[in-house]
Amino acid sequence: MACPAIRSAGASKLNPLSRLKRLTPEHSQLARVVDGMTYDFLIDTYETERLKVLSAWSMFRDEDLKIRPHATDQRGRNAREHMVHQCVGENLWFKNMLGIDVDAPPLPDDDDETRLGFIERYATDSNKRLEELKGREDAWWQAVVSFFDTQRSRAWIMARRIAHTAHHRGQQTTLLRILNRDLHSTYGPTADTGGLMQQEAPVIYAYRDADALLAGERAGGRKTALPPPPNHAVTERG
């Protein structure tokens, strides 16, 4: 068994901040700042990702919700099924893996499974999850918990959850293209905002934040105006 001194030295090698804290007061202050920011990027990313989900959903129309990528192929989810999967799946991940239960239904009432009904339900529940995440210490993020049939840190699980959401949102924006709907920005420019970054096309989000999105969609849609669409394919190949 290693003696305490050896274990302490090993811990110091694994955590450079532990050495930094023994330096000058200025360095100690920097260490505290860095310590406090360790997992903030995951919280910030979740906050923007939930807005991107809501933005993608706002680009559908109610008449789109039951249309599949291929009319005779039941394997491809329609928009309604994507919304159900996001609401139910995220709720289960947070409850069962991250230990955060916000008492979400997690679906709209049966008679309110409209586009706006899903938007409002997910906006409410995901905002509660966001507030819960903001109060978590580094030790909580670093704790190893169950992830399906294996063990992972909560930080790892959160990163995988965000990637999972982005994966399905990509499927939804593809479905929007199939439906011939306009696409505002998700991360960067789109064909509808002017083309490619190399062409200095702007980033144009549908709404500036979740509150504006909810107010706009409740009023029938108040998305940021888009420029005329290009008359050529948007590709780096020329």
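Things to note:
- The one condition from (1) without any contact (Cβ under 8 Å) to a residue 24 or more places away in the chain; (2) surrounded by fewer than 16 Cβ atoms within 10 Å (Cβ to Cβ); (3) β-branched (Val, Ile, Thr) that residue 174 does not meet is (1).
- Selected residue (criterion: surrounded by the most Cβ atoms within 10 Å (Cβ to Cβ)) from residues of the stretch 144-155 that are free of Cβ contacts under 8 Å to residues at least 12 places away in the same chain and either out of contact with any helix residue (DSSP H, G or I) (no Cβ under 9 Å at 6 or more places or on another chain) or assigned to a strand (DSSP E or B) (or both): 152
- Meets criteria (within 19 Å of residue 81 (Cα to Cα), among the basic types (Lys, Arg), assigned to a helix (DSSP H, G or I) and out of contact with any Asp or Glu (no Cβ under 9 Å at 6 or more places or on another chain)) for residue 177: yes
- When restricted to residues that are part of a loop (DSSP other than H, G, I, E, B), farther than 13 Å from residue 182 by Cα and in contact with a Gly (Cβ under 9 Å, 6 or more places away or on another chain), the stretch 197-226 contains 6.
- Count of residues meeting criterion [over 15 Å from residue 233 (Cα atoms), in contact (Cβ under 8 Å) with a residue 24 or more places away in the chain and exposed (fewer than 14 other Cβ atoms within 10 Å of the Cβ)] in the stretch 188-205: 0
- Hits in the stretch 66-88 - residues which are farther than 18 Å from residue 173 by Cβ and among the small types (Gly, Ala, Ser): 71
- Applying the condition of being touching a residue at least 60 places away in the same chain (Cβ under 8 Å) and within 18 Å of the chain's Cα centre (by Cα) to the stretch 66-93 and asking which residue is surrounded by the fewest Cβ atoms within 10 Å (Cβ to Cβ) yields 85.
No lab work stands behind these numbers, since they all come straight from the coordinates. Quantities reported herein were computed from a predicted structural model and do not represent experimental measurements. Heads up, the Cβs are rebuilt from the backbone with ideal geometry, glycines too, and the neighbour counts pull from every protein chain shown.
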